[in-house]
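Everything below concerns the one structure shown next.
Any read-out appearing in this document is the output of simple, stated calculations on the displayed coordinates, not a laboratory observation. Just so it is clear, the structure is predicted and the values come from calculations on it, not from any experiment. Virtual Cβ from ideal backbone geometry, glycine too; neighbours counted across all protein chains shown.
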């Protein structure tokens, strides 16, 4: 029922977007919801972007979480872009065996982004870039419990364009290193993985494609505790001065599994479904 309602709302939004005048994709305009391209903003360009990610379904009970981000991005040079994020977390949890019931919306901290491209997919044989994002968070994204976390997310960005930039492939190698404090104790964790996507410009201003996301969790950086694999569609639209990207990533496989929750998914660190909407305005 929730998926059908979400799909109907998405169809309505995309139908309204289709009535707006299209334009050619702007530099650093995300055609994927999760996979980062190599593109950066031109020097002096500014962008405001709003994110909303819904994570839902732990297999039992009711679990819905929303990750909200407000971003201001600036092109320091044609190769280097920086950004500031303000983050919020909303959760509605009830009847999930391994989590406390809660219904809350909280400011969850901030992060800073630095992105630099080494090779351009438009000028060189392929695109190559680096991504770096330090973050401070105040709540657990899974349970909603109060805690302090300092993390650094790093990405190696790859991109290859085909058919005069009509078909775009991008891939990211991802590593997030975090230190969390609960009470008087600190614990370390690494999240390692990769994302990749392929998108095709099927009409002026429109891209449609598919993304794959693999994530693995390594407590104390020692041994892999869990992993999840996600695969789903993504749609991007560019209007005259703004753009929107919508992605759906259902979990298709994970380990370890709880036989009472699922036969093939890991639902403690991850959820069954993720929906993400990103909307940006460039000036």
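With respect to the chain, whose longest principal axis is taken over its alpha-carbon atoms, helix 2-17 is tilted by about 20°.
Note on region 196-274: the C-alpha convex hull projects to 6.8 nm² when averaged across all orientations. Protection proxy ranking, highest mean first, for peptides 229-237, 145-153: 229-237, 145-153, where packing is the per-residue count of other beta-carbon atoms within 10 Å, averaged. The mean sequence distance of close C-alpha pairs (under 8 Å, at least 6 residues apart), as a share of the length of the chain, puts its relative contact order at 18 percent.
Extending 7 Å from the Cα toward the beta-carbon at both residue 182 and residue 132 defines two label points whose distance is 3.1 nm. Multiplying the residue separation of residue 164 and residue 70 by 0.36 nm and removing their Cα-Cα distance gives an extension gain of 30.6 nm. Normalised by residue count, region 2-282 yields a Cα convex hull volume of 129 Å³ per residue.
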